[in-house]
Amino acid sequence: MDSSKYALPVGTTLDRFIMRKQEDFPYATGELSQLLRDIALAAKIVNREINRSGLIDIAGAYGDQNVQGEDQQKLDVIANIRFIRALRNGDEVCTIISEEDDELIQTGNVQGKYVVAIDPLDGSSNIDVNVSIGTIFSIYRRVSPTGRAGTVADCLQRGTHQVAAGYVIYGSSTMLVYTTGNGVNGFTYENSLGEFFLSHPAIQIPQSGNIYSVNEGSSDSFSPGVAAFVKQCKGQQFSARYIGSLVADFHRNLLKGGIYLYPATAKGPQGKLRLMYECNPLAFIVEQAGGRSSNGASRTMEIEPQAPHERCPIFIGSRELVERVEAFLAKEKAAEATELVARA
Ligand code: P6P
């Protein structure tokens, strides 16, 4: 009799997966593996605090604003502390860009070979109403020599230089999804064991889909190309799904197919989302999963960063849908050029 059915395997833990994949990575010295484990540890701690936030006094506004001029929630501040502490204690990271800190954060690990750009808790205004929220991170190798603090040049690298990127979604279950450039894998957190287990191996985004995610409250200021794309989605009976939490919208579209748009609007001429710790990490993941991410004209990951907290428009998801909106925007640009010539 097959007794193993009484003791089903629990699966592959994140730790074991990282170790197994280490040889896939050109700098297989174990430092990146340790860095990923440090991030996973901080995610477990943040997960615990999010789950308790209704019970202890850590929900609600912190009473200050971040560099973006956005009201900080208490959990924004707590998550920021948890991730920075985990990265500082891990020795692998010399410098951090965090959405919650105006300036670059020097960890003091001058021998650290890596730089991390992180949004410790994205969508945090949704915490009090129990909507999924997330952490988004991007990892680069420093370009300056070790032995001193990281530099702005270490931090402002284009997205194509990322060595790893990922997100944690604190939702109906808590998942960590990441890539080191060899595909995308998803791990689900098993609270009772305190471990992430491989649950979504080799994620591939459908090449097309019928979900579009955009805040149509801003549609009056959409450019003609974006408006034309949204109109076409409606004409083709797409489903509008916009949770107001980037990681949740992105994760659903990654698994089911679809497109998330945060275009330039009257309120945000450069869009709202930040290049270094929202757009680039998700762009790395979506491209590794077979999708596309663009600012409407070119690959998100080819944008040359000018400042740690700069924003950029983003169209990200199924390749065919992103290419469709890019075609509408190219047509818009051509029409503008023609009009300019006609007026000259
Ligand atoms: P809006 C949350 O503040 C966030 O950065 C993303 O998580 C989300 O998709 C977007 O902003 C929501 O912005 O302007 O539609 O409320």
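The values are calculated or read from the model by the stated rules, or taken from the named source; none is laboratory data. Computed from a predicted structure; not experimentally measured. Neighbour counts run over all protein chains shown; Cβ positions are idealised from the backbone, glycine included. These area figures cover heavy atoms from the full protein model, side chains too; ligands, DNA and RNA do not enter into them. Shrake-Rupley method; radii C 1.70, N 1.55, O 1.52, S 1.80 Å.
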Please report, as a whole percent, how much of the solvent-accessible surface of region 211-343 comes from carbon and sulfur atoms (probe radius 1.4 Å). 53 percent
Between region 257-309 and region 132-198, how far is it from one alpha carbon centroid to the other, in angstrom? 16 Å
27 Å Cα cut-off, lysine pairs counted over the chain (separation 8 or more, or different chains): 23
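Over all directions, average the projected area of the Cα convex hull of the chain and note it in nm².
Its average projected convex-hull area is 20.8 nm².
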Name the most mobile residue of 100, 23, 49, meaning the one with the largest mean-square fluctuation, in a Gaussian network model of the chain with Cα contacts below 10 Å. 23
Show that you can apply the helix-only estimate: for the chain, add -39,500 (n - 2.57) for every DSSP H stretch of four or more residues, divide by all residues, and state [θ] at 222 nm to the nearest 500. -10000 deg cm²/dmol
Sorted peptide list for 257-264, 157-164, 103-110, criterion being average Cβ within 10 angstrom, highest first: 257-264, 157-164, 103-110
Per residue, how many Å² of accessible area does region 211-343 show with a 1.4 Å probe? 42 Å²
In region 207-279, what trypsin sites (Lys or Arg not before Pro) fall in a loop by DSSP, with at most 11 other Cβ atoms inside 10 Å? 267
Rg in Å to one decimal, and Dmax rounded to a whole Å, for region 153-286 via C-alpha atoms: 16.3, 51
If each K or R counts +1 and each D or E counts -1, the residues other than residue 110 whose Cβ falls under 13 Å of its Cβ total +1
Pairs of alpha-carbon atoms within less than 8 angstrom and 6+ residues apart define the contacts here; what relative contact order does the chain have, in percent? 15 percent
Once amide H atoms are placed 1.01 Å from N in the peptide plane, what residues at a sequence separation of 5 or more from residue 143, or on another chain, have their amide H within under 5 Å of its amide H? 154
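I need to check one value: relative contact order of region 57-174, counting alpha carbon pairs closer than 8 Å and at least 6 residues apart, in percent.
Numbers: 239 pairs, mean separation 24.2, N = 118.
RCO, region 57-174: 20 percent.
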Looking only at 115, 152, 184, which one moves most when the chain is put into a Gaussian network model with springs between Cα atoms under 10 Å? 152
Karplus couplings for region 292-305 from phi (6.51 cos²θ - 1.76 cosθ + 1.60, θ = phi - 60°), rounded to Hz, Gly and Pro as x? 9, 9, 8, 8, x, 10, 9, 3, 3, 6, 9, 5, 7, x
Using modelled backbone amide H atoms (1.01 Å from N, in-plane), which distant-in-sequence or interchain residues come within less than 5 Å of residue 303's amide H? 159
Restricting things to Cα coordinates, could you compute the convex hull volume per residue of region 211-343 in Å³? 116 Å³
Computed label-point distance, nm, for sites residue 146 and residue 323 using a 7 Å Cα→Cβ extension: 4.3 nm
Explain nothing, just compute: Karplus ³J(HN,Hα) = 6.51 cos²θ - 1.76 cosθ + 1.60, θ = phi - 60°, for every residue of region 7-14 in order, whole Hz, x for Gly and Pro. 9, 4, x, 7, x, 9, 6, 4
Residue 273's amide H: which non-local residues (gap 5+, or another chain) put their own amide H closer than 5 Å, with H modeled 1.01 Å from N in plane and none for Pro or chain starts? 312
Peptides ranked, highest mean first, by Cβ atoms within 10 Å: ranges 40-48, 285-293, 299-307: 285-293, 40-48, 299-307
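Semi-axes of the equivalent ellipsoid for region 9-200, please: Cα gyration tensor eigenvalues, times 5, square-rooted, ordered largest first, whole Å.
Values: eigenvalues 132, 103, 33 Å².
Rounded to whole Å, the semi-axes are 26, 23, 13.
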Here region 218-227 yields Karplus 3J(HN,Hα) values (6.51, -1.76, 1.60; θ = phi - 60°; whole Hz; Gly and Pro given as x) of 9, 4, 4, 10, 5, 6, x, x, 5, 4
